[in-house]
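These notes are about the structure you will find just below.
No value in this document is a laboratory result; all are computed from the given coordinates. Computed from a predicted structure; not experimentally measured. Ideal geometry is used to build each Cβ from the backbone, glycine not excepted, and the neighbour counts take in all protein chains shown.
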Amino acid sequence: MIAATAIGGLILSLPDTAAMIRSNVDGTPTPDGAVFAQTPELWQAVRRYAAPTARVTNNPLFLQDLTPWPANISWALLANRSSCFAGRELALALAPLSEEMREAINAQFVRVFAGEGTAQDVDDMAKKYICDVVVIVPQDKAWNNDPFASSPDYRLAENRDGRWRIYVAVKVDPAVR
């Protein structure tokens, strides 16, 4: 039974494996490849505003088509900072959250970067999830419907000519609350 299951899994994986090998041999560029090539400069800019202990967020779906599995590979490889939510897949592996909580948080972050975030969503990012730095890029629908621009929780730290916006959290003294 175990051998049959293993052989069945191998057979089912062959078409995708062949497509991935063909793509690698052809050197077929992905649309996200050109964007990924520019991300080292983006993350260098983020590190100017994010202390080593800062928690950073960007679109959990950013460059998800760059790998065969969905992952925020740009942040994972280049940010050198913690994430307040790096996506469903990494949360599954690294955060002790129930499935319902993980899906709700994922939907909230995806909604914000899709340009459909509410003021409460942005407030949650600042206060509930402690996102110290937020990165928006033109590939995010939030680029044209930016919920951080009018938020009292964040201030624009850098706007790089149509390439990125970096927001930093406005810290409130707890004694003032």
Cβ-based exposure ranking for Thr57, Thr118, in which fewest neighbours within 10 Å come first: Thr118, Thr57
How charged is the neighbourhood of Gly117? Take every other residue with its Cβ under 15 Å from the Cβ of Gly117, and add Lys/Arg as +1 and Asp/Glu as -1. -2
Enumerate the aspartates and glutamates that Lys127 could reach by cross-link, defined here as Cα to Cα under 15 Å, with residues fewer than 8 away along the same chain left out. Asp153, Asp173
Compute the Cα gyration tensor for the range 31-169, then decide on rounded, prolate or oblate, letting a ≥ b ≥ c be the square roots of its eigenvalues: rounded whenever a/c is under 1.5, prolate when a/b is larger than b/c in the other cases, and oblate in all that remain. rounded
Protection proxy (average C-beta count within 10 Å per residue), highest first, orders 135-141, 97-103, 45-51 as 135-141, 45-51, 97-103
Long-range amide H contacts for Glu158: which residues qualify at under 5 Å (H placed 1.01 Å from N, peptide plane, sequence gap of 5 or more or a different chain)? Ile166
Could you line up Lys171, Lys127 from fewest to most neighbouring Cβ atoms inside 10 Å? Lys171, Lys127
Test of understanding: ordering Ser150, Ser82, Ser23 by Cβ neighbours within 10 Å, fewest first, what list do you get? Ser150, Ser23, Ser82
